[in-house]
1. Could you please find all residues in segment A:59-79 being polar (S, T, N, Q) and either within 14 Å of another protein chain (Cβ to nearest Cβ) or at positive phi (or both)?
2. A:Phe48: more than 14 Å from chain B (Cβ to nearest Cβ), at pLDDT 95 or above and under 26 Å from B:Met84 (Cβ atoms), yes or no?
3. Please identify the pairs in which a residue from segment A:24-45 that is polar (S, T, N, Q) has its Cβ atom under 9 Å from the Cβ atom of a residue that is loosely packed, with under 10 Cβ neighbours inside 10 Å, counting only partners at least 6 apart or on another chain.
4. Looking at A:Lys102, A:Lys111, A:Lys94 in this structure, which one is among the basic types (Lys, Arg) and under 13 Å from the mean Cα position of the chain (by Cα)?
5. Pick out the one residue from B:Ile95, B:Ile82 that is within 14 Å of another protein chain (Cβ to nearest Cβ) and either modelled with pLDDT under 95 or not in a loop (DSSP other than H, G, I, E, B) (or both).
6. Listed residues B:Gly29, B:Gly45, B:Gly104; which is buried (at least 17 other Cβ atoms within 10 Å of the Cβ) and over 21 Å from B:Met121 (Cα atoms)?
7. Kindly provide the set of residues from segment B:85-116 that are in contact (Cβ under 8 Å) with a residue 24 or more places away in the chain and farther than 13 Å from B:Tyr26 by Cα, ordered by number.
Amino acid sequence: MKLSIVYLTLLILTYVSCQSAQTKHPLPKLGHTIIEQGDTIYHTIGQFNLLSQDSVQIGNSDLSGYIYVSDFFFMNCPTICPIVMKQMLRLYKKYEANPSVKLVSHTLDPKRDTPSALKQYANNLEIDHTKWLFLTGDKEHIYDIKDDYFIAAVEDSEAPGGITHSGQIILVDKKGHVRSFAEGTDPMKVEHLMEDIDQLLKEYESN
Amino acid sequence: MKATRLKFIFLAFVVFFFFSCNEAKYMQGKRTYDMVCADCHMEDGSGVKNLYPALKTINTSITTSELACIIRYGINKESSLIKMPPNPALKSVDITNIVNYILGDLNGSKEEYTLNEIEVMLEKCKEASKEQ
């Protein structure tokens with residue numbers, strides 16, 4: 001008799017916990033939040049001005065109104081970059097037909113990764129150059145921007161390729177808020193990121 | 001009756017383990033490949049478009065001696081956007097294992113190369129790299 005009560009409680013608990021998992025909360029706005037005079041100010045990607053693979057200047061206004069996934073890499077990186085690039089390619093293929101989604105890859109090695117080199121790189125990936133931007137520019141500026149995407153990167157002469165950096169893929173919404181991220185070397189984590197992208201797209205559809 | 005059922009279960013286990021252990025024929029080659037090659041050419045050999053060439057479909061596009069030599073000496077052509085670094089730390093036996101893994105497991109080739117055969121190939125491209 002007692003045992004059956006325990007089982008019943010467990011069953012109800014499981015049911016209730018499954019229920020709450022089904023109702024999805026909006027994706028959080030990640031990063032440092034400030035409350036100023038009653039207004040909540042969320043972390044936003046700061047001002048940037050970079051050059052694309054087509055040598056076109058790209059700033060915040062060019063990406064506002066799009067949701068985009070962003071990563072930091074460099075062409076001569078022999079370790080994690082190809083793996084992350086493969087996952088970015090997966091994201092590209094999944095959202096190729098969706099005009100609200102863009103991809104933005106920043107180089108951490110602007111000296112070697114000039115716009116024309118990045119153009120060749122992008123050509124080899126056989127992608128649409130307006131949908132997937134490869135950005136380069138002033139080195140200090142890029143290293144400042146990476147902080148807004150919560151990316152760690154340091155020059156390290158002993159590291160393969162000369163730079164140690166993290167391989168996260170960051171999801172940014174139409175207003176420049178960071179909404180999700182995934183370890184770009186892990187296909188399963190990128191799978192979850194895709195679910196978050198779908199959810200964010202739905203949020204915009206219903207508003 | 002019970003004995004036959006047990007036998008059946010035992011047999012099923014044996015068959016299951018036989019297949020699960022048989023994933024890669026060249027395990028040593030797979031281990032080295034996963035450490036040295038997989039970051040760029042991917043664990044399954046699918047590569048990344050034209051940047052990092054796929055290695056699971058190279059049966060006819062490259063000779064075995066070219067493959068062995070590229071693994072050791074890399075690719076450093078002016079024309080190639082991304083240069084493949086050489087692997088001086090790999091011994092001939094490692095390269096033999098990788099070659100057999102790439103051809104046998106990733107490409108399904110029946111041919112198997114011996115250490116001697118690969119050493120002859122590597123010796124030839126060593127001379128070729130000196131001549132340049």
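1. Passing the criteria: A:Asn76, A:Thr79.
2. In short, no.
3. Pairs found: A:Thr33/A:Thr40; A:Thr40/A:Ile34.
4. The match here is A:Lys102.
5. Details: B:Ile95 fails: within 14 Å of another protein chain (Cβ to nearest Cβ).
After applying the criteria, what remains is B:Ile82.
6. So the residue among B:Gly29, B:Gly45, B:Gly104 that is buried (at least 17 other Cβ atoms within 10 Å of the Cβ) and over 21 Å from B:Met121 (Cα atoms) is B:Gly45.
7. Correct list: B:Asn87, B:Leu90, B:Ser92.
The rows are residues; the columns are (1) in a loop (DSSP other than H, G, I, E, B); (2) out of contact with any strand residue (DSSP E or B) (no Cβ under 9 Å at 6 or more places or on another chain); (3) more than 14 Å from chain B (Cβ to nearest Cβ); (4) loosely packed, with under 15 Cβ neighbours inside 10 Å.
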residue	(1), (2), (3), (4)
A:Val84	no, no, no, no
A:Lys93	no, yes, no, yes
A:Pro110	yes, no, yes, no
A:Ala117	no, no, no, no
A:Glu140	no, yes, yes, yes
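The values are calculated or read from the model by the stated rules, or taken from the named source; none is laboratory data. What you are looking at is a predicted structure, and each value in this text was computed from that prediction instead of being measured. Heads up, the Cβs are rebuilt from the backbone with ideal geometry, glycines too, and the neighbour counts pull from every protein chain shown.
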